[in-house]
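Here's the structure we're looking at; comments come further down.
The values are calculated or read from the model by the stated rules, or taken from the named source; none is laboratory data. On a predicted model such as this, the values are computed, not experimentally measured, just so you know. Here the Cβ positions follow ideal geometry from the backbone for every residue, glycine too, while neighbour counts run over all protein chains shown. These area figures cover heavy atoms from the full protein model, side chains too; ligands, DNA and RNA do not enter into them. Shrake-Rupley method; radii C 1.70, N 1.55, O 1.52, S 1.80 Å.
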Amino acid sequence: MTVVDTGDDLQLRLDNYYVLGGSAAATNERRQGLLPLLLHPAPQRVAFVGMATGITASAGPALGVERTTVVEIVPEVAVAAGAHFGAWNAALLRRPDVQLVVGDGRRWLASSTDRYDVVVSDLFIPWHAGAGSLYAREMFETVARRLSPGGVFCQWLPLYQLTHEEFDAIARTFLVVFPEVSLWRNDFYPDRPVVGLVGRLAPGELDLGRVGERLAALPEWSRDPLLATPQGLAMLYLGDLAAARELIASGPLNTDDRPLIEFLAPRLTRMSATGDKDWFAGEALAAFTDTLAERPGGLLPATDSVASARRAGAALYHYALAARRGDEGRAARYEAEVRQLVPEVVALGERASSVATLADARRTLGTLRTEQERVARELEAMERRLGELAGPRGDDP
């Protein structure tokens, strides 16, 4: 584990390569904790599987949760989070209302007898050895047994590391365990989107009035320009996946004895000098979420305000796609639509940013291009080394 100061970002890196999180993304990382906790009316005991910088888990103290448990398998991650990211995670590991468990999250949940109002499962790299088991039916069943009545489970998914086929495999496995499943955005990145599968064992409708009260009570350090009002939360809602099961392709489940993701993810993680291929992002994700939004049912009340917010969320994502393509005319039209649909959200957000910053399309595009160029260089170098090692084939002239 290393902590790297890039000048405008303090990053936590695994093997000095893979970025587990950073200060520049603090708002988005904390939103991964705030959103699922806001979907429960009054969480008192919550668990986070995976710590990284600890910023996501800081949502527990921010919302006044009585007991927050954080499970991290890599001891050095917890040490680094405590030593270097206290300014962004509210000094999480020094708080008396926070418990750190160093160990395997799935095994800990299976052996624990405690119950939790909310369990949040972090982003896991699908092609890493063993990570597929965290998306398995047995993992989801273990979480379901640990939920209190009315409990909520959120599994975040890095769609920039999953194909549509892999997303479908995880989603249909999730739907087998949880009868109530909704899908949520965490951001509006066109090429690096993160979404959350939110599962419940019983139906219920979210009280947006209560959500507004809890958002208003957030301490200053945890404020989120997008989550300033209930309408902002509604912009992140994509729809009722349990009522739209036909949108998920049929196929096998991801289980311990048939570890589909364990073998599928490495096979589909294929790169070329031109960049990533077939990730469930961009236009493909927009087409799916637009179709999902047309389906009836859902966790949110059927009000005009919620309908406007949901349309604004879709428009903001299309704005990000248009900005990425350099289509200024279409981007301007989507921006105007967002401003018209949710003027309060935009006004509050622009105190700290702009519509463009909310979508973060330009920053995402720049980051993506830099990563693609780096990966292309590394692949070319690897191909040269492999060619040198292989030498001429026996049938070469």
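Numerical summary
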{"quantity": "Among 132, 22, 204: highest mean-square fluctuation, GNM of the chain, C-alpha pairs under 10 Å", "calculated": "204"}
{"quantity": "Label-point separation, residue 91 to residue 220 (7 Å along Cα→Cβ), nm", "calculated": "1.7 nm"}
{"quantity": "Accessible surface of the chain [probe 1.4 Å, protein heavy atoms]: carbon and sulfur percent", "calculated": "51 percent"}
{"quantity": "Residue 144-residue 332 FRET efficiency (beta carbon distance; Förster radius 51 Å; 0.05 resolution)", "calculated": "0.65"}
{"quantity": "Only Lys, Arg (+1) and Asp, Glu (-1) charged, at Cβ; the chain dipole about Cα centre in debye", "calculated": "500 debye"}
{"quantity": "Difference of contour (0.36 nm per residue) and Cα-Cα distance, residue 243 to residue 74", "calculated": "57.0 nm"}
{"quantity": "Cα-based equivalent ellipsoid, the chain: semi-axes from gyration tensor eigenvalues, Å", "calculated": "31, 26, 23"}
{"quantity": "Positive-end extreme of charge dipole, the chain - chosen from 184, 288, 17 (charges on Cβ)", "calculated": "184"}
{"quantity": "Rg to Rh quotient for segment 1-135, alpha carbon positions, Kirkwood Rh", "calculated": "0.94"}
{"quantity": "Highest-fluctuation residue, 38, 218, 134 considered, GNM on the chain with Cα pairs under 10 Å", "calculated": "218"}
{"quantity": "Per residue convex hull volume, Cα atoms of segment 149-231, in Å³", "calculated": "117 Å³"}
{"quantity": "Test item: Cα-centred dipole of segment 185-316, Lys/Arg +1 and Asp/Glu -1 on Cβ, debye", "calculated": "80 debye"}
{"quantity": "Considering only the chain, percent of DSSP beta bridges that pair antiparallel, nearest 5", "calculated": "55 percent"}
{"quantity": "Probe 1.4 Å, protein heavy atoms only - accessible area per residue of the chain in square angstrom", "calculated": "44 Å²"}
{"quantity": "Loop trypsin sites (Lys or Arg not before Pro), segment 76-142 (other Cβ atoms within 10 Å of the site Cβ: 16 or fewer; DSSP)", "calculated": "115"}
